[in-house]
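Asker: Take a look at the following structure, please.
The values are calculated or read from the model by the stated rules, or taken from the named source; none is laboratory data. Everything quoted here is computed from the prediction, not taken from an experiment. So basically every Cβ, Gly included, is an ideal-geometry build from the backbone, and we count neighbours across all protein chains shown.
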Amino acid sequence: MENFKIEVDGDGVALVTFDVPGRSMNTITGAVMREFPQVIEQIKSDPAIKGAVIASGKPTGFCAGADLGEMGTQAGGGQDTRSAEEKLRAQFDSSFTLNRTLRALETCGKPVAIALEGLALGGGLEIALAGHYRVAAKNPKLQLGLPEAKVGLLPGAGGTQRLPRIMGAMKALPLILEGKSMTAEEALANGVVHEVVEPGQTIEAAKTWIKTKGDPVQPWDRKDFKVPGGGPFSPGGSQVFILGNAMLRKQSYGNYPAQLNILKCVFEGLQVPIDAGLRIETRYFLKTMGTPQAKAMIRSLFLSMQELGKGASRPKDVAPYDVKQVAVLGAGMMGAGIAYVQAMAGIKTILIDTTQEAADKGLAHAKGILDKAVGRKKMTQEKADQVLSLITPTTDYALVKGSDLVVEAVFESREIKAEVTKKAEAQIAETAVFGSNTSTLPITGLAKASERPANFIGIHFFSPVDKMGLVEIIMGKETSQETLAKTMDYVLKIRKTPIVVNDSRGFYTSRCFGTFVTEGLEMLTDGIAPAIIDNVGRATGMPRGPLEMNDDVALDLAHKVREATKKDMGDQYVAGPVDALISKMVVDLGRFGRKNGKGFYDYPSDGPKRLWPGLADLAPVKTSDADKALIEEIRTRLLYRQAVEAARCFEEGVVTDPRDADVGAILGWGFAPWTGGPISLIDSVGAKAFVETCDRLTEKYGSRFSPPKLLREMAASGETFYGRFGKAKAA
Amino acid sequence: MADAYIFDAVRTPRGKGKKDGALHEMTALSLATQVLEQLRDRNNLDTSKVDDVVLGCVSPIGEQGADIARTAVLTAEYAETTAGVQVNRFCASGLEACNMAAAKVMTGEADMAIGGGVESMSRVPMGSDGGAWPTDPSSAFKTYFAPQGIGADLIASLYGFSRDDVDAYAVESQKRAARAWEEGRFSKSVFGVKDQLGLTLLDRDEHMRPDATMQSLASLNPSFAAPGELAFDAVVQQRYPQVERVNHVHHAGNSSGIVDGAAGVLFGTREMGEALGLKPRARVKGMASIGSEPSIMLTGPSYVTEKLLKKLGMNVGDIDLYELNEAFAAVVLRMMQALDIPHEKMNVNGGSIAMGHPLGATGAMILGTALDELERTDKETALVTLCVGAGMGTATVIERI
């Protein structure tokens, strides 16, 4: 055996050390699956063994679960035609392997204790739950949880059966459905571990239990076992499911089959003996694996995000660039947020504004975030003070000297940007990077103000900077690969996920996001009732409906952008009813959105926002009934409009890597995560079907849905984006 | 096909469905038994001629389980040869039981049959039978399940009924019920429930609040705002995205009351009636059930009415009296709105808002009420219907002979 080592001590306690060779963290590989039954057989049949302790040989923790790279390639079905009953039975049998193994472990007749020095996640926790006794170390980094649902999967090795039998459905369900982790103390309070000891003591404590108590029977194998809190048809238990079903629909809008299947596993599984429950779980596990959501979510939310988070598209031949000092120009919301994340990453930050008062206000913003963290006991005061001391608010450009990088975050005006670019560039080394945090103005144009356009790059942060994980890096025409590599090192240092795009109006994220909010306005001018637009908008899986999103972004800003675009495009700009609507709202009525309490919604101080009744005069309602067909049509319009824009970005070379497009969409503007991103959406629908739908939508609603040539080519050839443009190595 | 005739209809008064309600100390079986005894004794019935007893019951567990219809046949000392079956069509169970009894007569399966229902909501609480529909994710999720009250509030939101509208309807229901009792309009059907000693325990509906006013109702808090806020509003809005916000207008004062009670209706062929010396009071003209959208749940009555009238070649105006169970005020307001039925023809003697809704029995109770009222006012036809859980509707049209 390569993955397990067994040593039996003088008291007959076998110490099973789980240690997958060649990996920093234990995962459940094919070899682990093959060897585990041998371990169990030896525990069971060796008369010298009275009981066993399973522990990890890794300092990183117990086990991080299944190998998602392997699973990602199996998920989604698609090419694999496993419709034949025999194939499905074989698939069931293979998927049931770990359940069979763990069931053998807990019924081997000898006590088995699990020593958890560090994290046990997914399959790792599921192995631990099959032990009769679990000891965890008082290690603040120790996490116990079943995160499968976060990537569109369900725990398939008994997690949906054992956790509710330990904690009760009411407490276990949120943990499994949301994929949240527990600390050692929380696990102890919930009975998920039996004992918490000092780090380094878990094996000893586990051995002591084997020697002194050592009960080899799981609670659910006892005759008098009752599910804590009762099963689904006990008075308390039924409420858990009646409300749980509704909560799940409220939160998931029916877009996430994994969560629904988890709920079914727990509901059906708790009514039968555990052996049957495990079979039910494996069936739903396979069903879930077969959904396009599982495939797309594993790929985008786990594999791609991990790869991009490690700088997958950084030019390899540039030496690492250690960013120690950065000047941030402009101490508004964005500038202050950037200063905060930099300081958190240990970067000395010069925060510049035109007045000391404004610069100090920026510092105060950062302090506010830190104070909150201290208040919530997430950070010590000492650490907060130290972070804050890294930020120097000033008006003096002389302090910019020595900065490895500059981030310009001033008002979106070409003139002001040009002025500060010149002032800052005069202070920095020729090798330093100048980044502009513009969200709309083309980088190549802004670079004209620079002496060194090769060092000039777009670094587009998202608001609020401290919470949003994405940074969109924009290459200007003259931006060098070296500048890109340096910028990427900076972005990774401040622990954001970078995507790289080429220059275009609105780049990638703002451009595609804009289509979502505008499509909502198109619907409004089509006469669809605003409540339908926003309710269905939310149900697509977008974070908010398009109208309320318009209000949040601010209508006057949208108006300004439209005016600027109109000016830039001249005769080519075709004004439509949406332009008239926004102009009326902003210019005539002064309805700017949430920021002045008047937009498509009213924002009363004493209650939730309500749709503005006057909207019916501006956009008379023609469609006030929503049948299933209309709901489906609105969903399609909102999602496909964004996806077709993302496809155009590929055709124009604005994005070149599907991972950038998908991860950027999900992290940047909250594109429906269940799809895996707009490009995954097209791939899972298939280019041919997608083009057909777009053609239909074009005919009905206009050329904004018209599929680009690239898509028609792909439709004809049967290609996918990930097939044609995929750079990701098979993990 | 034979015609099914109605020979008699009886009901218990409705006791408050709480521990301090008068009928709480009587078993559900006892209520059902007394109904069967009344039908037998009032009509001098040779029970060996009764082929079957169909009783509606919505929570058929505990003392209401194990086929309470057959059990009551035995305790009422009907002939051993009389069968009994319990049925559940949620709130329309009582009417469905009558329709089944009538159908048995029409098809020739039975020459005489009883339809009715029983529910002791104080003893076997609503929902205590569990059920997959709201609990099992496989059904709840797919059907956008929300409790009925949310569906009623959704009806009010969709069709524009304000809190004042539903409260005004409730006040009128109380007034009508009070007047009906004052004038003895229920006396033909209602019998006094006897206690274990044979003493009369309750002879009048116990739930009524004849002094209810718009002001007194205004003080009641909406019942479904909290669960709506928690999750269920969001659920129904996914099915009905045109609703920006669910307007929670229903409360204890404009929704049906929780009560205990039982009822029975005697059906038979003309020939068997003649043989037993019974005078037919009405003929069953038609019956229907439908399914409707389950999330809003309670819009079935207008659809089933349309279906049944079409089948009978009748128009809304051809019906002299309508009885629609007052599960919630908005349900009745919606049916009147949808079919343009004047309030003067609808629930003329009040309904469940005033008198209560013993789930399994109500359908049979209001069939009897309609029959009594046709006779009292010398009118011809009545249509009786109820909204039903999981989105259904059941209806019956009767005409006097």
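Asker: Can you name the condition, by its number, that A:Arg249 falls short on among (1) modelled with pLDDT under 95; (2) crowded, with 23+ Cβ neighbours inside 10 Å?
Answerer: (1)
Asker: Sticking with this structure for a sec: Being away from chain B (no Cβ under 14 Å), of a type in the set (Val, Ile, Thr), farther than 30 Å from A:Phe92 by Cβ and assigned to a loop (DSSP other than H, G, I, E, B): is that true of A:Val193 here?
Answerer: Values: away from chain B (no Cβ under 14 Å): yes; of a type in the set (Val, Ile, Thr): yes; farther than 30 Å from A:Phe92 by Cβ: yes; assigned to a loop (DSSP other than H, G, I, E, B): yes.
Judged against the criteria, A:Val193 is a match.
So that you can scan it fast, the table gives a plain yes or no per residue for (1) in the same structural domain as A:Thr479 (by TED's automatic domain parsing); (2) among the hydroxyl-bearing types (Ser, Thr, Tyr); (3) modelled with pLDDT of 95 or more; (4) in contact with a helix residue (DSSP H, G or I) (Cβ under 6 Å, 6 or more places away or on another chain):
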site: A:Pro393; (1), (2), (3), (4): yes, no, yes, yes
site: A:Ser403; (1), (2), (3), (4): yes, yes, yes, no
site: A:Val406; (1), (2), (3), (4): yes, no, yes, yes
site: A:Glu412; (1), (2), (3), (4): yes, no, no, no
site: A:Arg452; (1), (2), (3), (4): yes, no, yes, no
site: A:Asn455; (1), (2), (3), (4): yes, no, yes, yes
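Asker: So A:Val536 passes all but one of these: (1) away from every other protein chain (no Cβ under 14 Å); (2) buried (at least 24 other Cβ atoms within 10 Å of the Cβ); (3) more than 27 Å from A:Pro442 (Cβ to Cβ). Which condition number does it fail?
Answerer: Every condition holds for A:Val536 apart from (1).
Asker: When you scan region A:561-668 for helices (runs of 4 or more DSSP H) that lie fully inside it, which ones turn up with 2 or more residues that are within 29 Å of the chain's Cα centre (by Cα) and within 14 Å of another protein chain (Cβ to nearest Cβ)? Even if it seems obvious, please write down each step before you answer.
Answerer: Working: elements: A:577-583, A:615-618, A:628-651.
Result: A:628-651.
Asker: Name the residue, out of A:Ile274, A:Ile262, A:Ile242, that is within 21 Å of the chain's Cα centre (by Cα) and in the same structural domain as A:Asp224 (by TED's automatic domain parsing).
Answerer: Details: A:Ile274 fails: within 21 Å of the chain's Cα centre (by Cα); A:Ile242 fails: within 21 Å of the chain's Cα centre (by Cα).
Testing whether each residue is within 21 Å of the chain's Cα centre (by Cα) and in the same structural domain as A:Asp224 (by TED's automatic domain parsing) leaves just A:Ile262.
Asker: Tell me the residue from A:Val151, A:Val135 that is in the same structural domain as A:Thr288 (by TED's automatic domain parsing) and either acidic (Asp, Glu) or modelled with pLDDT of 95 or more (or both), please.
Answerer: Values: A:Val151 fails: either acidic (Asp, Glu) or modelled with pLDDT of 95 or more (or both).
The unique qualifying residue is A:Val135.
Asker: Still on this structure: Looking only at region B:269-290, how many residues end up being of a type in the set (Val, Ile, Thr) and touching a Lys or Arg at 6+ places or on another chain (Cβ under 7 Å)? Explain how you work it out, then say what you get.
Answerer: As a first pass, look at region B:269-290 and keep what is of a type in the set (Val, Ile, Thr): B:269, B:284, B:290.
Now restrict to residues that are touching a Lys or Arg at 6+ places or on another chain (Cβ under 7 Å): B:290.
Qualifying residue count, region B:269-290: 1.
Asker: Please report, ordered by residue number, the helices (runs of 4 or more DSSP H) entirely within region A:207-300 with at least 1 residues that are out of contact with any Gly (no Cβ under 8 Å at 6 or more places or on another chain).
Answerer: Details: elements: A:235-252, A:257-269, A:274-289, A:292-297.
Per the criteria, A:235-252, A:257-269, A:274-289.
Asker: Six or more apart or on different chains, Cβ atoms under 8 Å: show the pairs whose first residue is in region A:160-184 and on the phi > 0 side of the Ramachandran plot and whose second is part of a helix (DSSP H, G or I) and of a type in the set (Asp, Glu).
Answerer: A:Gly179/A:Glu148
Asker: I've got another one for you. Could you pull out the residue among B:Met336, B:Met314 that is touching a strand residue (DSSP E or B) at 6+ places or on another chain (Cβ under 9 Å), surrounded by fewer than 23 Cβ atoms within 10 Å (Cβ to Cβ), touching a residue at least 40 places away in the same chain (Cβ under 8 Å) and aliphatic (A, V, I, L, M)?
Answerer: Numbers: B:Met336 fails: touching a residue at least 40 places away in the same chain (Cβ under 8 Å).
Every option except B:Met314 fails the conditions.
Asker: For region B:44-62, which residues satisfy the criterion of being part of a helix (DSSP H, G or I) and out of contact with any strand residue (DSSP E or B) (no Cβ under 6 Å at 6 or more places or on another chain)? Steps first, answer last, please.
Answerer: Of region B:44-62, the ones part of a helix (DSSP H, G or I) are B:47-49, B:62.
Scanning region B:44-62 gives B:Thr47, B:Ser48, B:Gly62.
Asker: Do the conditions hold for A:Gly469, that is, is it in contact with a strand residue (DSSP E or B) (Cβ under 7 Å, 6 or more places away or on another chain), surrounded by fewer than 21 Cβ atoms within 10 Å (Cβ to Cβ) and closer than 26 Å to A:Ala646 by Cβ? Break it down into steps so the answer makes sense when it comes.
Answerer: Values: in contact with a strand residue (DSSP E or B) (Cβ under 7 Å, 6 or more places away or on another chain): yes; surrounded by fewer than 21 Cβ atoms within 10 Å (Cβ to Cβ): yes; closer than 26 Å to A:Ala646 by Cβ: yes.
Yes: the conditions hold for A:Gly469.
Asker: Now, a different point. Return a yes/no flag: does region A:197-207 have any residue that is surrounded by fewer than 24 Cβ atoms within 10 Å (Cβ to Cβ) and among the hydroxyl-bearing types (Ser, Thr, Tyr). Spell out the reasoning first.
Answerer: Our first condition is that a residue be surrounded by fewer than 24 Cβ atoms within 10 Å (Cβ to Cβ); within region A:197-207, this holds for A:197-201, A:203-205, A:207.
From the residues that got through so far, the ones that are among the hydroxyl-bearing types (Ser, Thr, Tyr) too are none.
No: zero hits.
Asker: Would you confirm, using the coordinates I've provided, whether A:Ile350 is in contact with a helix residue (DSSP H, G or I) (Cβ under 6 Å, 6 or more places away or on another chain) and assigned to a strand (DSSP E or B)?
Answerer: The answer is yes for A:Ile350.
Asker: Hey, another quick one. Among the numbered criteria (1) under 19 Å from the mean Cα position of the chain (by Cα); (2) surrounded by fewer than 24 Cβ atoms within 10 Å (Cβ to Cβ), which single criterion is violated by B:Ser139?
Answerer: The number of the failed condition is (1).
Asker: Here's another thing I want to ask about it. Among the helices (runs of 4 or more DSSP H) confined wholly to region B:157-265, which include 3 or more residues that are within 14 Å of chain A (Cβ to nearest Cβ) and in contact with a helix residue (DSSP H, G or I) (Cβ under 8 Å, 6 or more places away or on another chain)?
Answerer: B:233-239
Asker: Confirm whether A:Glu185 is buried (at least 16 other Cβ atoms within 10 Å of the Cβ), under 16 Å from A:Arg134 (Cβ atoms) and acidic (Asp, Glu).
Answerer: Numbers: buried (at least 16 other Cβ atoms within 10 Å of the Cβ): no; under 16 Å from A:Arg134 (Cβ atoms): yes; acidic (Asp, Glu): yes.
Considered against the rule, which asks whether it is buried (at least 16 other Cβ atoms within 10 Å of the Cβ), under 16 Å from A:Arg134 (Cβ atoms) and acidic (Asp, Glu), A:Glu185 comes out as no.
Asker: Further question on the same structure: May I ask you to list the residues in region A:101-128 that are within 27 Å of the chain's Cα centre (by Cα) and in a helix (DSSP H, G or I)?
Answerer: Selection gives A:Gly123, A:Gly124, A:Leu125, A:Glu126, A:Ile127, A:Ala128.
Asker: Can we say A:Phe516 is buried (at least 24 other Cβ atoms within 10 Å of the Cβ), at pLDDT 95 or above and more than 14 Å from chain B (Cβ to nearest Cβ)? Before you say what the answer is, go through the steps one by one.
Answerer: Details: buried (at least 24 other Cβ atoms within 10 Å of the Cβ): yes; at pLDDT 95 or above: yes; more than 14 Å from chain B (Cβ to nearest Cβ): yes.
So A:Phe516 fits the description; yes.
Asker: Mind checking whether some residue in region A:694-702 is closer than 17 Å to A:Phe513 by Cα, touching a residue at least 12 places away in the same chain (Cβ under 8 Å) and surrounded by fewer than 24 Cβ atoms within 10 Å (Cβ to Cβ)? I'd like the intermediate steps shown before the answer.
Answerer: First, pick out the residues of region A:694-702 that are closer than 17 Å to A:Phe513 by Cα: none.
No, there is no match, as no residue in region A:694-702 is closer than 17 Å to A:Phe513 by Cα, touching a residue at least 12 places away in the same chain (Cβ under 8 Å) and surrounded by fewer than 24 Cβ atoms within 10 Å (Cβ to Cβ).
Asker: Related question: Considering only region B:142-156, state which residues are within 14 Å of another protein chain (Cβ to nearest Cβ) and surrounded by 17 or more Cβ atoms within 10 Å (Cβ to Cβ). Quick ask: steps written out before the conclusion?
Answerer: Residues of region B:142-156 within 14 Å of another protein chain (Cβ to nearest Cβ): B:142-151, B:154.
Matches in region B:142-156: B:Thr143, B:Tyr144, B:Phe145, B:Ala146, B:Pro147, B:Gln148, B:Gly149, B:Ile150, B:Gly151, B:Leu154.
Asker: Another one. Would you call B:Ser138 more than 14 Å from every other protein chain (Cβ to nearest Cβ) and hydroxyl-bearing (Ser, Thr, Tyr)? Before the answer, list the steps.
Answerer: Numbers: more than 14 Å from every other protein chain (Cβ to nearest Cβ): no; hydroxyl-bearing (Ser, Thr, Tyr): yes.
Answer is no for this residue.
Asker: Restricting to region B:32-50, name every residue that is touching a residue at least 40 places away in the same chain (Cβ under 8 Å) and in contact with a helix residue (DSSP H, G or I) (Cβ under 7 Å, 6 or more places away or on another chain).
Answerer: Scanning region B:32-50 gives B:Ala32, B:Thr33, B:Leu36, B:Leu45, B:Asp46, B:Lys49.
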